[in-house]
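Undergrad: I am attaching a structure below and will ask some questions about it afterwards.
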């Protein structure tokens, strides 16, 4: 009986750890993948190349948490990975412009522009970039805000103009989300 109780407690402990272990194997730690829906008609196909462009334009007044769309991108990347879509088939891009144009600032510049608040986006941008997500910053926005590239995170690529990037990535087959 004592052995059976020990085995049962061990089984419960291991089953409680399985979600944490599975989450740790996802590209973006700390963010879950979408839950499975048995019998869903459409699901991501592991053999398909996914070209997705998230268009970030909304201003974010909450400087305590990451930009609202960043966790969605993390969850999408983790969902594709969880369903077997390889990193080579995950072509995910983020366009930063208009209201989102300052989320990719280095911490000191962000603090200078936001009453000493730290940039809550840095860690997640770095994690997403390490998982293959590309970040595009509107060059016209950089100019109009008086920024220089050294004030941006290394993970941010400055393009000529958001409109040009949106069109060019669209021509390359990216599907735009948001905007």
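Undergrad: Would you please name the residue that is surrounded by the most Cβ atoms within 10 Å (Cβ to Cβ), looking only at residues in region 62-88 that are assigned to a helix (DSSP H, G or I) and out of contact with any helix residue (DSSP H, G or I) (no Cβ under 9 Å at 6 or more places or on another chain)? If you could, list the steps in order and put the result at the bottom.
TA: Let us first name the residues in region 62-88 that are assigned to a helix (DSSP H, G or I), namely 69-82, 87-88.
After this cut, where a residue has to be out of contact with any helix residue (DSSP H, G or I) (no Cβ under 9 Å at 6 or more places or on another chain) as well, the list is 72, 75-76, 79, 88.
On the way: 72: 14, 75: 17, 76: 22, 79: 19, 88: 8.
Here the answer is 76.
Undergrad: Just a yes or no: is a residue in region 89-104 part of a loop (DSSP other than H, G, I, E, B) and out of contact with any helix residue (DSSP H, G or I) (no Cβ under 7 Å at 6 or more places or on another chain)?
TA: So the first thing to find is which residues in region 89-104 are part of a loop (DSSP other than H, G, I, E, B), and the list is 97, 101-104.
Those left that are additionally out of contact with any helix residue (DSSP H, G or I) (no Cβ under 7 Å at 6 or more places or on another chain): 103.
The answer is yes; a qualifying residue exists.
Undergrad: Under the condition of being loosely packed, with under 14 Cβ neighbours inside 10 Å and touching a strand residue (DSSP E or B) at 6+ places or on another chain (Cβ under 8 Å), which residue from region 162-176 is farthest from residue 91 (Cα to Cα)?
TA: 170
Undergrad: Something else now. Do the conditions hold for residue 146, that is, is it touching a helix residue (DSSP H, G or I) at 6+ places or on another chain (Cβ under 6 Å) and not in a helix (DSSP H, G or I)?
TA: Values: touching a helix residue (DSSP H, G or I) at 6+ places or on another chain (Cβ under 6 Å): no; not in a helix (DSSP H, G or I): yes.
So residue 146 fails the test.
Undergrad: With the condition kept exactly as written, say whether any residue in region 38-48 is surrounded by fewer than 20 Cβ atoms within 10 Å (Cβ to Cβ) and touching a residue at least 60 places away in the same chain (Cβ under 8 Å).
TA: Initially, region 38-48 is screened for residues surrounded by fewer than 20 Cβ atoms within 10 Å (Cβ to Cβ), giving 38-48.
Still in the running and touching a residue at least 60 places away in the same chain (Cβ under 8 Å): none.
There is no residue in region 38-48 that is surrounded by fewer than 20 Cβ atoms within 10 Å (Cβ to Cβ) and touching a residue at least 60 places away in the same chain (Cβ under 8 Å).
No value in this document is a laboratory result; all are computed from the given coordinates. These numbers come from a predicted model, not from an experiment. Cβ atoms come from the backbone with ideal geometry, glycine included; neighbour counts cover every protein chain shown.
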